[in-house]
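Some notes on the structure that comes next.
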Amino acid sequence: MILEEIDNHLANLDKHGLRRRRKTLETPCGVNAIVDGKKMLSFCSNDYLGLAAEPILTEAACAAARQWGIGSGSSHLVSGHMSPHEKLERDLATFSGCERALFFSTGYMANLGVVPALAGRGDAIFADRLNHASLIDAAQISRADHHRYPHNDLAVLERLLKASNAKNKLILTDAVFSMDGDLAPLPELLELAERFDAWLVVDDAHGFGVLGPKGHGSFAHFGLTMNPRVIYIGTLGKAAGVSGAFAAGADNVIEWLLQQARTYIFTTASSPVIAAALSSSLALIEQGEDRRRHLQALIARLRQGLATTRWRLMPSFTAIQPLVIGTNDDALRIASALADHGIWVPAIRPPTVPKGTARLRISLSAAHRFNHIDQLCTVLEGLQ
């Protein structure tokens, strides 16, 4: 029976240590958490600048709720596009150095909207093998030919582009890879895009707000200015501390996305409260150099503290610090032992990461303090 088949699939997940289980957070997002009734020191969230519970954003949201209510009532293209959404899009365009921006409800929806709007049957997409699931799904639903090149392997990518006869080509990559914490070589990718007349779609979910002068992201980190063939996607539920995402680029490209991106057209606009809070968040990000300097100091302290452990800390100078454990069972065991010590670090297993590289994904926030890092390192050293 079909229900028995589901039970068999779930049992198989349990057998291989792959079933995902939710935990209930009983406090606002922050480094000190109560999880399923237990006090924990959290290294889980992507709240890289510690803005998720920032009082200034809370006040901005409350003021917007009093003025605009809670719901938008419709899709953007019917009657749901309100003044806070319009202001946010102007702010996002200015922040990212682009002519125009389009606000989406989530990062997943942004990727699933942008990629199929730019590439379809007969076109070709060239995607980094370690791209986020949303980029993989976006390439698949586009119905374009989907070529996956080895992680950051520019030589293979160049060969694939050179061999392609597709009329439209699109290079698709994360800027900061969510499970490894390393960066895509954006200057070289942009050069290839220009040489082979291709789009370059970059998802800067984990670089936006954190990298570059004033937190302007991975392109700013490399000293690059925006190019008309670039579509820059930023997530607003991580360093920005709220939710949603945006695509930014040339005016006519964003107009095309507004006309064609199904995940923008056919969904209710997000709350005006979210949009108003995000406009306030952008100002805090630009003023957040102290937060970013502190975050870099935390990263250095963690890497020094874990340098002598038997586990491999992957090369990353970003807030994502993956500690590769190996097997699923070992990763779960270490994560459980940390929880027994009141420390919450997620164990990441296949298919999210390659088989044999199950890891602890240590996420740092500017809200952490040095004693938090020292506590984590001390416990991990004792678990070797």
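Each value in this text was obtained by applying a stated rule to the coordinates, not by laboratory testing. Because the structure is predicted, anything quoted here is derived from the model rather than measured. Cβ: placed from backbone, ideal geometry, glycine included. Neighbour counts: every protein chain shown.
Please state the shape class of region 103-150: rounded when a/c is under 1.5, otherwise prolate if a/b exceeds b/c and oblate if not, all from the C-alpha gyration tensor. Oblate is the answer for region 103-150, as a/c is 1.5 or above yet b/c matches or exceeds a/b. Between the listed residues 77, 110, 165, the Cα displaced farthest toward the positive end of the dipole of region 55-286, a dipole computed from Cβ unit charges relative to the Cα centre, is found at 77.
What does the C-alpha gyration tensor say about the overall shape of region 222-291? Classify as rounded when a/c is under 1.5, otherwise prolate if a/b is larger than b/c, or oblate.
Details: a/c = 2.69, a/b = 1.19, b/c = 2.27.
Judged from the Cα gyration tensor, region 222-291 comes out oblate (a/c at least 1.5, b/c at or above a/b).
Can you tell me what share of the DSSP beta bridges in region 55-286 is antiparallel? A percent to the nearest 5 is fine. Display every interim value, and only then the final one.
Details: 11 of 30 bridges.
Expressed as a percentage, antiparallel bridges in region 55-286 total about 35.
For residue 167, the aspartates and glutamates whose Cα comes closer than 20 Å to its Cα, not counting residues fewer than 8 places off in the same chain, are 123, 145, 158, 191, 194, 197. Using Cβ point charges alone (K and R +1, D and E -1), the dipole size of region 115-219 about the Cα centre works out to roughly 360 debye. Simple rule: put +1 on each Lys or Arg Cβ and -1 on each Asp or Glu Cβ in the chain, find the dipole, and look at 16, 223, 185; the Cα lying farthest toward the positive end is 16. Simple rule: put +1 on each Lys or Arg Cβ and -1 on each Asp or Glu Cβ in region 173-329, find the dipole, and look at 209, 313, 234; the Cα lying farthest toward the positive end is 313. Counting only residues at least eight positions apart within a chain, or on another chain, the lysines with an alpha carbon under 23 Å from that of residue 214 are 87, 238.
In cubic angstrom, how much convex hull volume per residue do the alpha carbon atoms of region 22-66 span? Could the numbers behind the result be given before it?
Details: hull volume 4.2 nm³, N = 45.
Measuring per residue, one finds 93 Å³ for the Cα hull of region 22-66.
A simple charge model with +1 on the Cβ of Lys and Arg, -1 on the Cβ of Asp and Glu and nothing else charged puts the dipole of the chain at about 580 debye relative to its Cα centre.
When the Cα convex hull of the chain is projected onto planes of every orientation, the mean area is 20.3 nm². With the Cα gyration tensor of region 143-302 giving a ≥ b ≥ c as the square roots of its eigenvalues, does the rule (a/c under 1.5 for rounded; else a/b larger than b/c for prolate; else oblate) give rounded, prolate or oblate? Cα axes put region 143-302 in the oblate bin. About its Cα centre, the dipole of region 2-54 is roughly 220 debye, where the only charges are +1 on Lys and Arg Cβ and -1 on Asp and Glu Cβ. With helices as the sole contributors, the chain gives -13000 deg cm²/dmol at 222 nm; each DSSP H run of n ≥ 4 counts as -39500 (n - 2.57), and the sum is divided by every residue.
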